[in-house]
Amino acid sequence: MAYDLYVITDETIGRGLSHAELARRAVAGGADAVQLRDKRLSGRKLFDAASEIREVTHDAGALFIVNDRLDVALAVGADGVHLGESDLPIGHARRLAPPGFVIGASVGSVATAVRAREEGADYVALSPTFATGSKDDAGPGHGLAVLSAIRAAVPLPLVAIGGITAGNVSDVIAAGADGVAVISAIVGQEDVTAAARDLRNRIAVAKAGRR
């Protein structure tokens, strides 16, 4: 599965565009994966938003991940769920999920990345890689040295999230990330599709240089 450009929807940063519309514009620009993340919505409204994104990503052939809520992910037939360190344990989620279901995990160190792999994660995301204003509880950035150390220790797809921009994405890929997860750099832009296309191209160039 490809995680090169992983877009997280946010209706506030997205200037009021719906989660589904942000997803539609992001995949039009080449997003490989879309994550629905919204701490404010009720379970029912989250289900409705997830159902709409499921249609968008299915038609585009993109991966659809729901943040935190395994129940919602399973209910709408999402491709997977992304779990933070304080969320449902990965092992328990794995027992509840069907075969082929993707479980991603936020990690902050080599030790937590190794543990996530042992518990059954399919990919790990260093969160936050750099300081970010998109997530109130993100804390300080871990930096590229930690990213590289995780890359050396864990043979899973590695995604960098937090503070990723067009200006630093090449450095992130060079440090070992397989992909980047972004909010502001895509959904916060006036032209979401163009921003996604530009960042996707920068990732491709960076990966070609790394090879």
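Here are the numbers for this structure:
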read-out	value
Subset of the stretch 169-190 (residues that are free of Cβ contacts under 8 Å to residues at least 60 places away in the same chain and either of a type in the set (S, T, N, Q) or touching a helix residue (DSSP H, G or I) at 6+ places or on another chain (Cβ under 8 Å) (or both))	V169, S170, D171, V172, I173, A174, A175, G176, A177, A185, Q189
Selection status of F47, surrounded by 19 or more Cβ atoms within 10 Å (Cβ to Cβ) and either more than 21 Å from R197 (Cβ to Cβ) or in contact with a helix residue (DSSP H, G or I) (Cβ under 7 Å, 6 or more places away or on another chain) (or both)	no
Only listed residue being in contact with a Leu (Cβ under 7 Å, 6 or more places away or on another chain) and surrounded by fewer than 17 Cβ atoms within 10 Å (Cβ to Cβ), chosen from L96, L5	L96
Number of positions in the stretch 161-175 that are surrounded by fewer than 18 Cβ atoms within 10 Å (Cβ to Cβ), outside any loop (DSSP other than H, G, I, E, B) and not acidic (D, E)	2
Pair list, Cβ under 6 Å, 6 or more apart: the stretch 82-103 residue in contact (Cβ under 8 Å) with a residue 40 or more places away in the chain and under 19 Å from I8 (Cα atoms), other residue part of a loop (DSSP other than H, G, I, E, B) and not β-branched (V, I, T)	V102/D79; V102/D122
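For (1) of a type in the set (A, V, I, L, M); (2) surrounded by 15 or more Cβ atoms within 10 Å (Cβ to Cβ); (3) more than 15 Å from the chain's Cα centre (by Cα), each residue gets a yes or a no:
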position	(1), (2), (3)
H58	no, no, yes
A125	yes, yes, no
A145	yes, no, yes
V159	yes, yes, no
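Every read-out reported here was derived from the displayed coordinates using simple, explicitly stated rules and does not represent laboratory data. Owing to the predicted nature of the structure, the values given are computational and were not obtained by experimental measurement. Virtual Cβ from ideal backbone geometry, glycine too; neighbours counted across all protein chains shown.
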